[in-house]
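Data block below; observations after.
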Amino acid sequence: MQIEKISAKKYRTTKNISEEIVKINEIENLVLAVLDSWNQAKLYQNSQFYSKNLLKKHDKHITRNEMYGKKESFFDIHVEGINNLHQYKHKITVEVSLKAKYSLSYDENGSLLYLVTSRSMPRFNQMLKQPLPEKQPLQKDVQKWELIMEEGHLKVNKFSLNLK
């Protein structure tokens, strides 16, 4: 338990990195574009933000979700902090503190209904005959993002996704 506290990433609301390597707004735009693309489930429309490796992984993940009638969504995303930038040979890592609403829902045939978005709620509301849930609170998270240069553009290569 003590080790977890020591190694846990701290949520910071500052954007404090050297902009000689990469601009803060460029990182923020990449983070927002990648997380928003999950809602569309059409990653290839946003492939300019994904490395080839990450695009393949996320496409598999979304395809598997579709097979099981599962949908993950992120909305109301706010990047509050960008810190601890490290540059290696061909990659950049950075910690991103963000707030977002997260939704995980299954279709009518599934057994789980968890944090359903207001967009998908009417059909489930009919099924459950319950009132709409209260607004979901914004969840805070600190994620480690890895960026690489590919095809002359900065792209997201991987990131930790802890909002659940």
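Across the stretch 26-76, counting alpha-carbon atoms alone, Rg and Dmax equal 10.9, 35 Å.
May I ask you to derive the FRET efficiency for residue 89 and residue 151 from their Cβ-Cβ distance with R0 = 22 Å, giving the value to the nearest 0.05? Don't jump to the answer; show the numbers that get you there.
Numbers: r = 17 Å, r/R0 = 0.80.
E between residue 89 and residue 151, to the nearest 0.05, is 0.80.
Quick check: net charge around residue 140, other residues with Cβ under 10 Å of its Cβ, Lys/Arg +1 and Asp/Glu -1?
Details: positive: 99; negative: 80, 141.
Once positives and negatives cancel, what remains is -1.
Within the shell of other residues whose beta carbon sits under 12 angstrom from the beta carbon of residue 83, the net charge comes to +3, with Lys and Arg scored +1 and Asp and Glu -1.
We did not get these values from a lab; they are worked out from the coordinates using the rules stated. All of these numbers come straight from a predicted model, not from anything done at the bench. Methodologically, a virtual Cβ is constructed for each residue, glycine included, from the backbone with ideal geometry; neighbour enumeration extends over all protein chains shown.
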